[in-house]
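A.B. asks: Provided herewith is a single structure, encoded as structure tokens, for subsequent inquiry.
The values are calculated or read from the model by the stated rules, or taken from the named source; none is laboratory data. Because the structure is a prediction, the values reported are computed rather than measured. Cβ placement follows ideal geometry from the backbone for every residue including glycine, while neighbour counts extend to all protein chains displayed. Remember, those area values only see protein heavy atoms, side chains included, never the ligands or the DNA or RNA. Shrake-Rupley method; radii C 1.70, N 1.55, O 1.52, S 1.80 Å.
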Amino acid sequence: MAPPMSADAFLDALRSEGVTVVEVGDWREHNRNHKGPWGPVHGVMIHHTATLGTAHTARICRDGRPGLPGPLCHGVIAKDGTVHLVGHGRANHAGAGDDDVLRAVIAEKALPPDDEANTDGNRHFYGFECENLGDGEDPWPEVQLEAVEKVAAAVCRHHGWTERSVIGHREWQPGKVDPRGFTMAWLRGRVRDRLK
């Protein structure tokens with residue numbers, strides 16, 4: 001069981017991995033902790049935003065949308081590879097997911113099918129939203145994919161996790177398709193190589 005990183009440690013971990021970071025407003029104190037605990041943390045969850053435009057995307061991820069208050073993640077990974085930090089603490093990104101998947105992440109084993117939504121994921125995962133329409137056609141620039149790899153590796157490196165602690169939203173919650181445009185096996189391979 002791992003306690004979440006402090007805001008300073010989170011920022012340091014990202015920068016140490018070579019991530020270009022933009023700090024958005026009061027991100028260090030912006031969270032949903034009043035709705036429940038954050039931690040212990042067990043992994044990193046990757047999403048796509050289904051939006052275009054970095055400023056617009058970061059604003060939505062920070063402030064939320066009707067029916068879902070922000071922050072909607074901890075960091076927004078822009079097309080240019082910049083990571084915009086919008087929150088620290090509990091964030092509305094993972095939702096309810098499969099307890100069998102969580103057990104596999106904790107054990108760092110192959111993931112089972114996500115066929116139920118019975119466990120609070122917002123408590124247990126760092127979340128990164130990637131600026132992409134998620135339609136299978138919107139491109140993923142290499143600089144953005146490298147940033148996805150770096151943020152996942154940074155969090156794993158800090159906690160001593162392997163690449164098996166990196167999952168996609170679609171692997172956690174039935175009915176989700178994100179991130180669309182690359183496979184999580186491919187991403188985990190890149191994270192594994194970076195951690196060596």
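A.B. asks: Sort through Ile60, Ile77 and tell me the only one that's among the aliphatic types (A, V, I, L, M) and in contact (Cβ under 8 Å) with a residue 60 or more places away in the chain.
C.D. replies: Details: Ile60 fails: in contact (Cβ under 8 Å) with a residue 60 or more places away in the chain.
After ruling out the rest, the residue left standing is Ile77.
A.B. asks: Test Ile60 against the criterion of being part of a helix (DSSP H, G or I) and either more than 20 Å from Glu171 (Cβ to Cβ) or within 12 Å of the chain's Cα centre (by Cα) (or both), and give yes or no. First the steps, then the outcome.
C.D. replies: On the way: part of a helix (DSSP H, G or I): yes; either more than 20 Å from Glu171 (Cβ to Cβ) or within 12 Å of the chain's Cα centre (by Cα) (or both): yes.
Yes, satisfied.
A.B. asks: Here's a follow-up. Would you call Pro174 closer than 27 Å to Gly36 by Cβ and in contact with a strand residue (DSSP E or B) (Cβ under 9 Å, 6 or more places away or on another chain)?
C.D. replies: Working: closer than 27 Å to Gly36 by Cβ: yes; in contact with a strand residue (DSSP E or B) (Cβ under 9 Å, 6 or more places away or on another chain): yes.
For Pro174, the condition - closer than 27 Å to Gly36 by Cβ and in contact with a strand residue (DSSP E or B) (Cβ under 9 Å, 6 or more places away or on another chain) - is met.
A.B. asks: In region 97-108, what residues are outside any helix (DSSP H, G or I) and crowded, with 18+ Cβ neighbours inside 10 Å?
C.D. replies: Here is the first cut: in region 97-108, the ones outside any helix (DSSP H, G or I) are 97-98, 108.
Answer for region 97-108, where residues must be outside any helix (DSSP H, G or I) and crowded, with 18+ Cβ neighbours inside 10 Å: Gly97, Asp98.
A.B. asks: For residues in region 41-60 being of a type outside the set (Val, Ile, Thr) and in contact with a Ser or Thr (Cβ under 7 Å, 6 or more places away or on another chain), which is surrounded by the most Cβ atoms within 10 Å (Cβ to Cβ)?
C.D. replies: At the first step, the residues of region 41-60 found to be of a type outside the set (Val, Ile, Thr) are 42-43, 45, 47-48, 50, 52-53, 55-56, 58-59.
Of the ones still in play, those that are also in contact with a Ser or Thr (Cβ under 7 Å, 6 or more places away or on another chain) are 42-43.
Numbers: His42: 22, Gly43: 27.
The residue in question is Gly43.
A.B. asks: Now a separate question. Scan region 18-40 for residues that are among the hydrophobic types (A, V, I, L, M, F, W, C) and open to solvent by 10 Å² or more (accessible area, probe 1.4 Å) and jot them down.
C.D. replies: Of all residues in region 18-40, those among the hydrophobic types (A, V, I, L, M, F, W, C) come to 19, 21-22, 24, 27, 38.
Val19, Val21, Val22, Val24, Trp38, listed by residue number.
A.B. asks: Checking Arg15 against (1) open to solvent by 30 Å² or more (accessible area, probe 1.4 Å); (2) in a loop (DSSP other than H, G, I, E, B); (3) at pLDDT 95 or above: exactly one of these is not met. Which one?
C.D. replies: Unmet for Arg15, out of (1) open to solvent by 30 Å² or more (accessible area, probe 1.4 Å); (2) in a loop (DSSP other than H, G, I, E, B); (3) at pLDDT 95 or above: (2).
A.B. asks: Sticking with this one: Filter region 72-86 for residues that are out of contact with any Lys or Arg (no Cβ under 7 Å at 6 or more places or on another chain) and buried (at least 20 other Cβ atoms within 10 Å of the Cβ) and give the result. Before the answer, list the steps.
C.D. replies: In the first step, residues of region 72-86 are kept if they are out of contact with any Lys or Arg (no Cβ under 7 Å at 6 or more places or on another chain); the result is 72-85.
Correct list: Leu72, Cys73, His74, Gly75, Val76, Ile77, Ala78, Val83, His84, Leu85.
A.B. asks: Can you work out which of the residues in region 109-146 that are of a type outside the set (A, V, I, L, M, F, W, C) and assigned to a strand (DSSP E or B) is nearest to Gly89 (Cα to Cα)? Break it down stepwise before answering.
C.D. replies: The initial filter retains those residues of region 109-146 that are of a type outside the set (A, V, I, L, M, F, W, C), namely 109, 112-116, 118-124, 126-127, 129, 131-132, 134-139, 141-142, 144, 146.
Subsequent filtering for residues that are assigned to a strand (DSSP E or B) retains 119-120, 126-127, 129.
Working: Thr119: 18, Asp120: 14, Tyr126: 9, Gly127: 10, Glu129: 15 Å.
Ranking the qualifying residues of region 109-146, first place goes to Tyr126.
A.B. asks: I'm trying to understand the selection: among the residues of region 166-186, which are in a loop (DSSP other than H, G, I, E, B) and open to solvent by 10 Å² or more (accessible area, probe 1.4 Å)?
C.D. replies: Step one: list which residues in region 166-186 are in a loop (DSSP other than H, G, I, E, B), which gives 173-183.
Within region 166-186, Gln173, Pro174, Gly175, Lys176, Val177, Asp178, Arg180, Gly181, Phe182, Thr183 qualify.
A.B. asks: Does Pro113 fit the bill of being within 26 Å of Gly189 (Cβ to Cβ) and open to solvent by 40 Å² or more (accessible area, probe 1.4 Å)? Spell out the reasoning first.
C.D. replies: Working: within 26 Å of Gly189 (Cβ to Cβ): yes; open to solvent by 40 Å² or more (accessible area, probe 1.4 Å): yes.
Criteria met by Pro113.
For every residue, the table says whether it meets (1) at pLDDT 95 or above; (2) touching a strand residue (DSSP E or B) at 6+ places or on another chain (Cβ under 6 Å); (3) open to solvent by less than 40 Å² (accessible area, probe 1.4 Å).
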| position | (1), (2), (3) |
| --- | --- |
| Asn118 | yes, no, no |
| Gly127 | yes, yes, yes |
| Cys130 | yes, yes, yes |
| Ala147 | yes, yes, yes |
| Ala154 | yes, no, yes |
| Arg164 | yes, no, no |
| Arg188 | yes, yes, no |
